[in-house]
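Working notes, beginning with the structure itself.
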Amino acid sequence: MAERILFKHIDNPKQYQVETYVQNGGYSALKLALKEIKPAELIEMVKKSGLRGRGGAGFPTGLKWSFVPKDSPKPKYLCVNADESEPGTFKDRQLMEYDPHQVLEGVILSSYAIGCHHAYFYIRGEFGFGYKRMAQAVEEAYQKGYLGKNILGSGFDLDVTIVRGGGAYICGEETGLIESLEGKRAMPRVKPPFPAVSGLYNCPTVVNNVETLACVPHIVNRGAEWFASIGPAKSPGTKIVCLSGHVNKPGNYELEMGTPLRELIYTHGGGILGGRRLKAAIPGGSSVPILTGKQIDVKLDFDSVAAAGSLLGCAAVIVMDERTCMVWMAERLSEFYEHESCGKCTPCREGTFWLVEILSRIEEGRGTMRDLDLLLNICDNISFKTVCALADGAAAPVVSAIQHFKDEFVAHIEEKRCPLPHRAFDFDGFVN
Ligand SMILES: Cc1cc2nc3c(=O)[nH]c(=O)nc-3n(C[C@H](O)[C@H](O)[C@H](O)COP(=O)(O)O)c2cc1C
Ligand code: SF4
């Protein structure tokens, strides 16, 4: 098994305290960078490391930082995306609860790189314990001189403000997050302009995920080449994979990028519940195309998962065993997206509503064959036609479920029942 980097000290019950963090080598990257590495060099270092964003899109982190205009007279902001609300995701939460200084050191280093003097830490409102741990870490960092004015005598100043999220999935979309930070409803903005040019208060802004930022101290300590040498060349590093669903040992696993799905499920996850067969898995949270059980050997890195027809996203793998009804799965996810749509774009607002309507009538045995074409048509009208990617995420699992499991949809329509033996039902409801 690969070396654990971000999770190296995660099981130490005292790691959240600054003294323990420092004993374990913490804040040494900050000391090194402030003394010996210029901001522009740090950006180059992160570019060279090949680090790609861990929040979903996999965009190269150093490149994103380099889009921040150096000559802008406006303040520059770093927004830490700690909203983590996608079904199946729970990795950032563990980092914040059990190793908050690691995240904070990444925030300070990243702020230094882009010339930010006020970073905003936007944490999901429901994460009460994570908030408490992060707030304590920020306070300790101020006391020890890692935050505030003239950090460690370097002349660099940084304040960190923690803001609790607005309680909606859309608060995690980068421009929705910015709107929410400005005190408004988290309705995403049309891009361009991208946040790097015009973000928080119309100032240059970088939005980065918690796990992405937590990688930065290690890149500084051990070098860009070291990081780039882990895993596949185009998706280097380790990745915390959230494993959930029908597995014996759900949880967070830090694995080298490129680890096969089979190893994740059968070695780390202890196999499928009850020894049943793997039917499908969603590799990137709930907003990406599903993989079938036959794709068990796909490697979990950005490019390999894309080549297999899906997306790694934030690497939250939801496992479904042979007893899972794919029509039901598509309906449940569509309900989530309908509920979470901010309503700004007609295709998303109306389309997610109709997905739920049609999927539930198929699931209840009241569908027609025309409904299948209608579903695909709606998905086509939703995908890539909206302000943000929530709508694409709503359509992807539905389209791929129909693609891979059409027989199951047809059986619901023709036989007016779920074909899975344990889910036999008639019009009056389930009778198993
Ligand atoms: C609907 C929606 C929800 C999102 N939620 C999150 C989230 O909770 N956390 C996160 O880091 N990124 C989330 N993202 C991705 C962010 O918009 C953004 O790409 C990310 O924070 C960038 O950070 P990174 O470059 O470090 O990955 C979401 C995107 C969409 C479309
Ligand atoms: S795609 Fe949906 S969630 Fe995103 S801005 Fe449009 S309506 Fe809002």
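Observations, loosely collected:
- Here the stretch 185-275 was treated as a single set of alpha-carbon atoms; its pair distances binned every 10 Å from 0 give 14, 29, 26, 24, 7, 0 percent.
- In the elastic network of the chain, a GNM with C-alpha springs shorter than 10 Å, the most mobile of PRO193, PRO69, PRO250 is PRO193.
- Summed side-chain charge close to ALA141 - residues other than ALA141 whose Cβ falls under 11 Å, Lys, Arg +1, Asp, Glu -1: -3
- Per residue, the chain exposes 41 Å² of solvent-accessible protein surface, assessed with a 1.4 angstrom probe and all protein chains in place.
- Amide H within-cut-off set for TYR77, under 5 Å, with H built and near neighbours excluded: THR205, VAL206
- Shape class of the stretch 1-65 from the Cα gyration tensor (axes a ≥ b ≥ c, square roots of the eigenvalues): oblate, since a/c reaches 1.5 or more and a/b does not exceed b/c.
- Each pair of Cα atoms in the stretch 242-333 enters the Kirkwood radius, and Stokes-Einstein at 37 °C and 0.692 mPa s then converts it into a translational diffusion coefficient of 256 µm²/s.
- Proportion of all alpha-carbon pairs of the chain beyond 31 Å (%): 41
- Which of PHE90, PHE227 is most accessible, then next, and so on - probe 1.4 Å: PHE90, PHE227
- Under 27 Å from LYS344, Cα to Cα: lysines that are on another chain or at least 8 residues apart: LYS64, LYS184, LYS191, LYS385
- Length added when fully stretched, ARG361-ASN24, from 0.36 nm per residue minus Cα-Cα: 115.7 nm
- Here the chain carries DSSP beta bridges of which approximately 50% are antiparallel, counting only pairs with both residues inside.
- Residue-wise HN-Hα coupling along the stretch 300-309, computed from phi with Karplus coefficients 6.51, -1.76, 1.60 (Hz; x: Gly, Pro): 8, 8, 3, 6, 5, 5, 5, 5, 7, x
- Rolling a 1.4 angstrom probe over the chain with all protein chains present gives an accessible area of which 53% lies on carbon and sulfur atoms.
- At R0 = 56 Å, FRET efficiency that the Cβ-Cβ distance of ALA135 and LEU374 yields, to 0.05: 0.70
- Reach of LYS299 by Cα under 18 Å, taken over lysines that are not fewer than 8 positions away in the same chain: LYS234, LYS239, LYS279
- Entry for the stretch 293-432 at q = 0.14, 0.20, 0.21 Å⁻¹: log10 I(q)/I(0) = -0.69, -1.23, -1.29, Debye formula applied to identical alpha-carbon scatterers, no solvent contribution.
The values are calculated or read from the model by the stated rules, or taken from the named source; none is laboratory data. Since we're looking at a predicted model, the values are computed, not measured. Every residue, glycine among them, receives a Cβ derived from its backbone with ideal geometry; neighbour counts consider all protein chains shown. Only protein heavy atoms, including side chains, enter the accessible area calculation; ligands, DNA and RNA are left aside. Shrake-Rupley method; radii C 1.70, N 1.55, O 1.52, S 1.80 Å.
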